[in-house]
Amino acid sequence: MANKLKIKLSIADRVYPLTINPSQEEGLRKAAKKIDKMIKQFEQSYAVRDKQDVLAMCALQFATQVEQKIIDKDTNETDISERLSALNDVLQDHL
């Protein structure tokens, strides 16, 4: 517990006390700022009555970004694998 850090993060006008590893602090603070920025964007763009609705939309957006990166990575890996296979075939034909 000696190497833990106590911080407070503000998200959606609420303060959350956390005990974390010091190496996590920068990422958590950036994430909290990103969430608050996204909340403001949703509130400005849509008639939102409840913070829970805004937070749900933020969660959906972040989850979608993560899933899309996984899909893109899988697509890129498949594309690279196919290219390497085609290149290997060309090399084998010339050997």
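Annotations for the structure displayed:
- One residue stands out among those in the stretch 34-50 that are under 20 Å from residue 64 (Cβ atoms) and of a type in the set (D, E, K, R): the one that is surrounded by the most Cβ atoms within 10 Å (Cβ to Cβ), which is 36.
- Filter result for the condition that a residue is in a helix (DSSP H, G or I), hydroxyl-bearing (Ser, Thr, Tyr) and open to solvent by less than 80 Å² (accessible area, probe 1.4 Å), over 19, 64: 64
- Condition met for residue 31 (out of contact with any strand residue (DSSP E or B) (no Cβ under 6 Å at 6 or more places or on another chain) and open to solvent by 90 Å² or more (accessible area, probe 1.4 Å)): no
- The stretch 27-80 - residue that is aromatic (Phe, Trp, Tyr) and closer than 20 Å to residue 10 by Cα and, of those, farthest from the chain's Cα centre (by Cα): 42
The values are calculated or read from the model by the stated rules, or taken from the named source; none is laboratory data. Small disclaimer: the values here were computed from a predicted structure and weren't measured. In this analysis, Cβ positions are derived from the backbone assuming ideal geometry, glycine residues included, and neighbour counts consider all displayed protein chains. The accessibility values were calculated without ligands, DNA or RNA, using every heavy atom of the protein model including side chains. Shrake-Rupley method; radii C 1.70, N 1.55, O 1.52, S 1.80 Å.
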